[in-house]
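The block underneath contains the structure these notes are about, expressed in structure tokens.
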Amino acid sequence: MLQAKHLKILLLAWTRLGLPSPLRPICDPRVLDRFIKEARDTEFAMRSCSEGCSLAEPLSVPLTSVDFAIWEKGDVSEPQKQAQEVQSGLWLLAQAISAVRVSITSTALHSLLDNSHSNIHSIGQVIRSLNFPEYTPPADGTVHEDTWRVSSTLELFRVHTNFLRGKVRLLLSHAPACRRDST
Amino acid sequence: MNPRSPPPTGSVSVECGKLQYSSHNWRGTQQRAVMCVCVCVCERERERETYLPRRRALCGGCGGSRALDSGGRCVCFSGTMSPVRALRRCVFLLLVCVRSVCALDSKASLLVAVEPEDPKCFAEGMRDLTCFWEEEGSRSPDDYAFTYMYQETNEESSKCALTAQSVGGSKTRYICRLPSVQHFVPLDVSVFQDGRLIYNRNLLIDHVFLLDPPANVTVTQTGEQEQLRVCWLPPALMDMENSMMYEVEYAPTGSHMGKRESVRARSEIILHSLQPDTRYNIRVRAKPDGLSYSGYWTAWAPWVSMTTPPAEMDLLILALCVVISLILILLSLTLLLSYRRFLLKKVWPVIPSPENKFDGLFSVYGGNFHEWLGVGNRGFWWSPTFLLVEESPSPLEVLSEAGFTAPVPVHPMPFKALGLSKKEVEEDERTGGQDSVLMGRRKGKAHPHWVLEQLQSLDQPSVPCCELHTLEPSDTYVSLNYRSQQDSGAMSPLADISEESLPLQVLFESPGTPTSFSDLESVTYSSGSGEISSQSSLEYPYGAWPLKGPSYISMTVTDSGISTDYSHMSWGTTGLGDLAMAYTNEYKNKVPAPRLPPHGHTVYSYY
């Protein structure tokens, strides 16, 4: 039986091995739009979740809020910081989804969870293709950035959707690699 | 009254008192006077001339009555004079109105209709949020408390400063403008009235966008038929350009049936299938597409008009039509020409001509049947008595049964001629009947009673059949042998004609000049074909002639018309052309060939 630990190792191995770089930059916004749409569907599905949807222990999730005034400044001065923030947040989410998958019994939701997990992995690849520095997840499981705690799967996936719509999307759409390509 | 024109006679100069405006307790009511004018006092109260507010004015005729000398009067109008009041208010608004206030008014009214929850919040840009609610009465905003809190922060909820605005008379609108906002995170909003919670709402700021309408909407012709291009500017917000969807409404001027088209992520659209040469009104509105950002439809942009290009006749189509019509005309002409004979026949039917039955009747004798029968000698034959006696003019069947003595050797005649002639004989029998008194022509008119003699002779008891085989040269009989009569001189024209034309000439010569049967055998005619027929006719009495009554007189005559069919008519070229021409008037179908073919073709080939 696949445990969370094994999943973690797998995910780490994936992220380590990954695809050979350099990748061609993935700048098409429709790629992320599709992921956002699927995340929204998963969030809507979680509203009907009845069993095992309340978590035993709260899970750490990234902050999703974006203050454009601050963000624009940060985009100019510290672009790498934003990438780090996004990548660590994705990692946290992946962790949380793996944890949730264990506790949920419904098979339909399992497929959605697996889909979300693979989407997160794909987004990581997209970020890597845009020549952002590689993210190494912390060995101890804690991240430097601020986190939030959620206690239900619905909240988790709400955060998941907001994170993709907000920070991830801003990062990708304002990536320098894409800006150089398009005029 | 036009100030420039000279005052009409009888006009009175009046002076209104001090003209007073605003803050005037007019007629004891609290209404504020909006406009005061100087008015003439006329004899009749109703007829009043009003002037623009001037203290001094010329008072002309009051309609019909006379202006009084007592002077003008100042008349003030109250606020119920709506156009003026509206104008003043608008001026005030223009001067005082701050952009946000004005915009808020329109947007608030838009939102009130769409959003059911309170407080109603909307974001106009990426860094603001405006929340408001409307209530009856006019309470001070201090009675209310507006608190908000973001989900991800552990801080206490923040408070927002409220401003009040009177709306539509009795209502008051309380507005909160957040100084800074955070997107992609739930916001919790609460409204308290006198410490009591009245509204609570949880919303995402990036889901409540209500932007300005698209700016700079331009409509141009594309150069194609029935098309117009509509362009506009997308909202100048960061990150929003790719997340917008637009709706374009267009309708012909004056029509109320507008059509709508949706556009995503592009800020121009080409409208298709429009009516040509029509003026269209077009307007646009926008909304975030709902994926990353969401919100409400903006207000409609102002109408923009443009006329579609007029419908033009495509040159290619015109050329094609011309070519096709030309082709059709050519085809019809070709058909007409190729079938003109057929068509002429249908339109002008052929009048059958008996020309081919009577050889030479028309060509040689010019239609004179008498001459044709016997060169003028047999005129009597057509005397009425004969006509009465005989019923049908054609096939003559005359058989003389009186005293055939000299047997005539039976010649092996060409069978076809025989066969044919047999047919003719039968025909003759049918038609001839008992009339067969036509004895052919007779030479001259010297024997008018010749026929009577014959009749009498036939009354005698019939001769047994066998005895009929003999023919006496002395008896009258019809034979086609006119050899003795052959006169090269006189007959030369006739020689060219078929012998049928003169079949009976021989027979009616004087008995003194009988023709010998021996001549029959060697009958030769200039027209060789006649030989056949003539000889065949002679066969009849010796052959299979059916027996008839003794009173039956039948004369063997081969009708020229019948036997002509298989005989070659060798037409000489002498005079035929002229003769042929003579009949062109009668027989239109006849080929009016001025020159007949040189080698004796049958002329009448068109039957």
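Residues that are among the β-branched types (Val, Ile, Thr) and more than 38 Å from the chain's Cα centre (by Cα) were ranked within the stretch B:270-309; the one that is nearest to the other protein chains (Cβ to nearest Cβ) is B:Thr298.
Per-residue answers, yes or no, for (1) modelled with pLDDT under 85; (2) β-branched (Val, Ile, Thr):
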| position | (1), (2) |
| --- | --- |
| A:Thr107 | yes, yes |
| A:His110 | no, no |
| A:Asn115 | no, no |
| A:Gln125 | no, no |
| A:Ser129 | no, no |
| A:Val143 | yes, yes |
| A:Thr153 | no, yes |
| A:Leu156 | no, no |
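Looking at B:Val364, B:Val350, B:Val304, which one is surrounded by fewer than 14 Cβ atoms within 10 Å (Cβ to Cβ) and among the β-branched types (Val, Ile, Thr)?
On the way: B:Val364 fails: surrounded by fewer than 14 Cβ atoms within 10 Å (Cβ to Cβ); B:Val304 fails: surrounded by fewer than 14 Cβ atoms within 10 Å (Cβ to Cβ).
The conditions single out B:Val350.
Taking the stretch B:142-260 and the strands (runs of 3 or more DSSP E) fully enclosed by it, the elements with 2 or more residues that are within 14 Å of another protein chain (Cβ to nearest Cβ) and touching a residue at least 12 places away in the same chain (Cβ under 8 Å) are at B:144-150, B:186-193, B:196-204, B:244-252.
Just one of the listed residues (A:Gln87, A:Gln80) is buried (at least 16 other Cβ atoms within 10 Å of the Cβ), in a helix (DSSP H, G or I), polar (S, T, N, Q) and away from chain B (no Cβ under 14 Å), and it is A:Gln87.
Inside the stretch A:12-69, can you point out the residues that are among the hydroxyl-bearing types (Ser, Thr, Tyr) and either at positive phi or at pLDDT 85 or above (or both)? First the steps, then the outcome.
First pass over the stretch A:12-69, keeping only residues among the hydroxyl-bearing types (Ser, Thr, Tyr): A:15, A:21, A:42, A:48, A:50, A:54, A:60, A:64-65.
If the condition is that a residue be among the hydroxyl-bearing types (Ser, Thr, Tyr) and either at positive phi or at pLDDT 85 or above (or both), then A:Thr42, A:Ser60, A:Thr64, A:Ser65 are the ones that fit.
Answer yes or no: is there a residue in the stretch A:104-115 that is closer than 20 Å to A:Ser60 by Cβ and assigned to a helix (DSSP H, G or I). Let's see the steps before the verdict.
Keep residues of the stretch A:104-115 that are closer than 20 Å to A:Ser60 by Cβ, which gives A:104, A:113.
Subset that is assigned to a helix (DSSP H, G or I): A:113.
There is at least one residue in the stretch A:104-115 that is closer than 20 Å to A:Ser60 by Cβ and assigned to a helix (DSSP H, G or I).
Residue-level check: of (1) surrounded by fewer than 21 Cβ atoms within 10 Å (Cβ to Cβ); (2) touching a residue at least 24 places away in the same chain (Cβ under 8 Å); (3) closer than 14 Å to A:Thr161 by Cβ, A:Ser65 misses just (1). Scanning the stretch A:116-147 for residues that are touching a Leu at 6+ places or on another chain (Cβ under 6 Å) and either of a type in the set (Ser, Thr, Tyr) or within 13 Å of chain B (Cβ to nearest Cβ) (or both) yields a count of 2. A single entry from B:Phe358, B:Phe342 fulfils the requirement of being among the aromatic types (Phe, Trp, Tyr) and in contact (Cβ under 8 Å) with a residue 40 or more places away in the chain: B:Phe358. Can you find a residue that is among the acidic types (Asp, Glu), within 14 Å of another protein chain (Cβ to nearest Cβ) and in a helix (DSSP H, G or I) anywhere in the stretch A:153-167? Scanning the stretch A:153-167 turns up at least one residue that is among the acidic types (Asp, Glu), within 14 Å of another protein chain (Cβ to nearest Cβ) and in a helix (DSSP H, G or I).
If we scan the stretch B:317-332, do we find a residue that is closer than 30 Å to B:Leu204 by Cβ, among the β-branched types (Val, Ile, Thr) and either in contact with an Asp or Glu (Cβ under 8 Å, 6 or more places away or on another chain) or not in a strand (DSSP E or B) (or both)? Reasoning before the result, please.
Residues of the stretch B:317-332 that are closer than 30 Å to B:Leu204 by Cβ, as a first pass: none.
The answer is no; no qualifying residue exists.
The values are calculated or read from the model by the stated rules, or taken from the named source; none is laboratory data. As the structure is a prediction and not an experimental result, all values here were calculated from the model. No Cβ is skipped: glycine too gets one built from the backbone with ideal geometry, and neighbour counts run over all protein chains shown.
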